[in-house]
């Protein structure tokens, strides 16, 4: 009887231990890729912090004479009661004159932004269906199809004459703006910054070290969802080569020319081509296989972290 009681007690104890163990494992939260991104985002790099203090002026700070570079002739659709416009507005400046408080259909009031443009005889009026007090309380106020000149000037002042390492090979020739395939992770000197487009408001001009040819790349600024091409995505302060001493000179030459070959690691391929648009794990026997997919049908196949097949 005593032995039977001891046996029952042992079974209960073992069952309790296993139950506790499984309960502990099951209660451990699963770490998702989103959690990893949030964790990484909490630690800002020097490149991410650079230019973070450059912001558009608050509407309450606008003064007569403030300028906006016009990026597209579509800007004409936002103006009311306009006379015949000049042939093209692109490349000209909207010059802010004043805010006007005007009646609205709802009775809450509306605001008109009054501008002038060189070559246009008359004022250009941009009507916004919000009262002027609301406008003045905002952190920013965008004028469609234009770029705020003060932002361009601040970025130009911060970057002009500096040396960085460029991360993107998608360059444009300064002479005729045709697209060229440049090199990654090489030193360049910034010559100046000009207004770009409404989507990519900055054109950053540079000269690769050891050459005299000038190129430019589009860049964004800010922390909104549209700012997908900020400084930290296209430039580095330090030579990335220093962070990868294990990479051979031969492989690094492939990387800076955006080329890959079988036998390269995932890190080496990411340095050469950038992060993939998507990836998936392919279940196979006795190996871990990943497929990285890029634009234009480009893909890479890794087996246990080593590139074995690709299509460029």
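Tell me, yes or no, whether segment 170-180 has at least one residue that is touching a helix residue (DSSP H, G or I) at 6+ places or on another chain (Cβ under 7 Å) and surrounded by 15 or more Cβ atoms within 10 Å (Cβ to Cβ). Quick ask: steps written out before the conclusion?
Initially, segment 170-180 is screened for residues touching a helix residue (DSSP H, G or I) at 6+ places or on another chain (Cβ under 7 Å), giving none.
Taking every residue of segment 170-180 in turn, none turns out to be touching a helix residue (DSSP H, G or I) at 6+ places or on another chain (Cβ under 7 Å) and surrounded by 15 or more Cβ atoms within 10 Å (Cβ to Cβ).
Give me the residue from segment 284-298 that is modelled with pLDDT of 85 or more and farther than 20 Å from residue 233 by Cα and, out of that set, surrounded by the fewest Cβ atoms within 10 Å (Cβ to Cβ). Quick ask: steps written out before the conclusion?
Within segment 284-298, the subset modelled with pLDDT of 85 or more is 288-295, 297-298.
Retained after the next criterion (residues that are farther than 20 Å from residue 233 by Cα): 288-291, 297-298.
Working: 288: 12, 289: 15, 290: 17, 291: 16, 297: 8, 298: 15.
Across segment 284-298, the extreme among qualifying residues is 297.
Step by step: first the residues of segment 83-103, then only those that are touching a helix residue (DSSP H, G or I) at 6+ places or on another chain (Cβ under 7 Å) and in a loop (DSSP other than H, G, I, E, B), then the one that is modelled with the highest pLDDT. Which residue is that?
Selected residue: 90.
The values are calculated or read from the model by the stated rules, or taken from the named source; none is laboratory data. Predicted model, so just to flag it, every value in this text is computed and none were measured. Using ideal geometry, Cβ is built from the backbone for each residue, glycine included, and neighbour counts are taken over all protein chains shown.
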